[in-house]
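In what follows, a structure is listed as structure tokens, so that the remarks can point back to it.
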Amino acid sequence: REYYAVHKEEYRWPERVCFAEIFTLADSAAKEAYWKVKYGEDFYDVAQEYTNRSGYKEKKGDWGYQPDTLNNLSIKASTMAVDSVSEPFEFQSGWSIIKTIAKDTPHVKSFEDATPEVASGYQEVATKKREQEWVETLKNKYPVTINKEALKDAFKRKRVEDQ
């Protein structure tokens, strides 16, 4: 926590958008899903019924908060008004309908959100500090002494051999 308190400005959320998606492989299914949502059915219920994206049927199409530059879905969602629903559009060999749920401005992450990054940063600093301390103890235990005469002789022989 002390390391986080000093470095918390380094741990920031980017501009993010929270959105959900209905993804279908056929445009006819996308149009049908869009009309259901447009005429009052719950977006999440329709997403659970129609979504073909692996892992998102169970989550009712919810992508949660994503950086607004993650992919074309997040870029589109970030340009839409909150609670608005897009018309079907082509995306990744299928058709997507997205609903922008919320937008989030850049801000400092809480300690809980930043914990994995903070732990990694702290470990890196602590490792460097221990390495420096170890090198200093080695320098004190084994001081460097330069034998200038031996060096002169070493280079003298080299010069003689080169001739």
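The values are calculated or read from the model by the stated rules, or taken from the named source; none is laboratory data. What you are looking at is a predicted structure, and each value in this text was computed from that prediction instead of being measured. Note: ideal-geometry Cβ built from the backbone for every residue, glycine included; neighbour counts use all protein chains shown. Keep in mind that these areas ignore ligands, DNA and RNA; they rest on the heavy atoms of the full protein, side chains included. Shrake-Rupley method; radii C 1.70, N 1.55, O 1.52, S 1.80 Å.
Only one residue in LYS99, LYS129, LYS103, LYS76 is assigned to a helix (DSSP H, G or I) and either in contact (Cβ under 8 Å) with a residue 12 or more places away in the chain or surrounded by 15 or more Cβ atoms within 10 Å (Cβ to Cβ) (or both), so which one is that? Break it down stepwise before answering.
Working: LYS99 fails: assigned to a helix (DSSP H, G or I); LYS129 fails: either in contact (Cβ under 8 Å) with a residue 12 or more places away in the chain or surrounded by 15 or more Cβ atoms within 10 Å (Cβ to Cβ) (or both); LYS103 fails: assigned to a helix (DSSP H, G or I).
One residue alone meets the criteria, LYS76.
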Review point. Of the residues that sit in segment 6-57 and are open to solvent by less than 50 Å² (accessible area, probe 1.4 Å), touching a helix residue (DSSP H, G or I) at 6+ places or on another chain (Cβ under 9 Å) and of a type in the set (D, E, K, R), which one is modelled with the lowest pLDDT?
Key: ARG16
**Study point:** Residue check, ASP62 crowded, with 16+ Cβ neighbours inside 10 Å, of a type outside the set (A, V, I, L, M, F, W, C) and at pLDDT below 90
**Key:** no
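Out of all the residues in segment 1-50, which are among the β-branched types (Val, Ile, Thr) and under 17 Å from GLY61 (Cβ atoms)?
Start the filter on segment 1-50 by keeping residues that are among the β-branched types (Val, Ile, Thr), which leaves 6, 17, 22, 24, 37, 46.
The answer is VAL17, ILE22, THR24, VAL37, VAL46.
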